[in-house]
1. Could you identify the single residue in 118, 50, 70, 136 that is charged (D, E, K, R) and touching a Lys or Arg at 6+ places or on another chain (Cβ under 7 Å)?
2. Taking residue 20 as meeting all but one of (1) buried (at least 16 other Cβ atoms within 10 Å of the Cβ); (2) over 16 Å from residue 132 (Cβ atoms); (3) touching a residue at least 60 places away in the same chain (Cβ under 8 Å), write down the number of the exception.
3. Run down 82, 89 and say which single residue is over 10 Å from the mean Cα position of the chain (by Cα) and in a strand (DSSP E or B).
4. With the checklist (1) in a helix (DSSP H, G or I); (2) touching a Leu at 6+ places or on another chain (Cβ under 8 Å); (3) among the hydrophobic types (A, V, I, L, M, F, W, C); (4) surrounded by fewer than 17 Cβ atoms within 10 Å (Cβ to Cβ) in hand, flag the one item residue 66 doesn't pass.
5. Does any residue in segment 81-95 that is closer than 15 Å to residue 118 by Cα come within less than 9 Å, Cβ to Cβ, of a residue that is among the hydroxyl-bearing types (Ser, Thr, Tyr) six or more places away or on a different chain, and which pairs are these?
6. Looking at segment 28-53, which of its residues are under 17 Å from the mean Cα position of the chain (by Cα) and either in a loop (DSSP other than H, G, I, E, B) or closer than 22 Å to residue 110 by Cβ (or both)?
7. Pairs please, first residue from segment 44-68 and in contact (Cβ under 8 Å) with a residue 40 or more places away in the chain, second anywhere and part of a helix (DSSP H, G or I) and exposed (fewer than 15 other Cβ atoms within 10 Å of the Cβ), Cβ atoms under 7 Å, 6+ apart in sequence or on different chains.
8. With under 20 Å from residue 28 (Cα atoms) and among the small types (Gly, Ala, Ser) as the only criterion, which of 43, 110, 58, 99 stands out?
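The values are calculated or read from the model by the stated rules, or taken from the named source; none is laboratory data. Model, not experiment: these values are computed from the prediction. Positions of Cβ are generated from backbone atoms using ideal geometry, with glycine treated the same way; all protein chains shown enter the neighbour counts.
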Amino acid sequence: MSDATTHQLLHPSHWKSAVGYANGMLASGRTVFVGGQIGWNAAQEFESDDFVAQVHQALSNIVAVLKEADAGPEHLVRLTWYVTDKREYLARLKEVGGAYRDVLGKHFPAMTMVQVADLVEDQAKVEIEATAMIPD
């Protein structure tokens, strides 16, 4: 079953186009909830303090968890991003987009991004939660 038959983008026809995200998604199947992933590796060690490198690693961690459920990026229906510096996020948006496409391809689920004062791990600059739907 293709992604197109299990996920439907929800976008009011009179709204401006969403670029790089969806305003909503309708999906059916088994739900996978991925807890917040940060920019450390499988050994829970940070390999970089660079924001974009941490985004890449956090997204890669999400893919690794999805794989445990025989799912992939195409099954994502929602991402929630928590960043410690929205100015860095916005200043490096092109690089963030490159890291995103490198890990998740051109699948853009519903997304939210908020700036937070801090994350539990002091070295973390980003944390990303995910929800995926696997076809029955």
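1. The unique qualifying residue is 136.
2. (1) is the only condition that residue 20 fails.
3. 82
4. Only one criterion is unmet by residue 66, namely (4).
5. 81/89; 81/112; 83/89
6. Across segment 28-53, the qualifying residues are 31, 32, 33, 34, 35, 36, 37, 38, 39, 41.
7. Hits for this filter: 56/102.
8. Answer to the check: 110.
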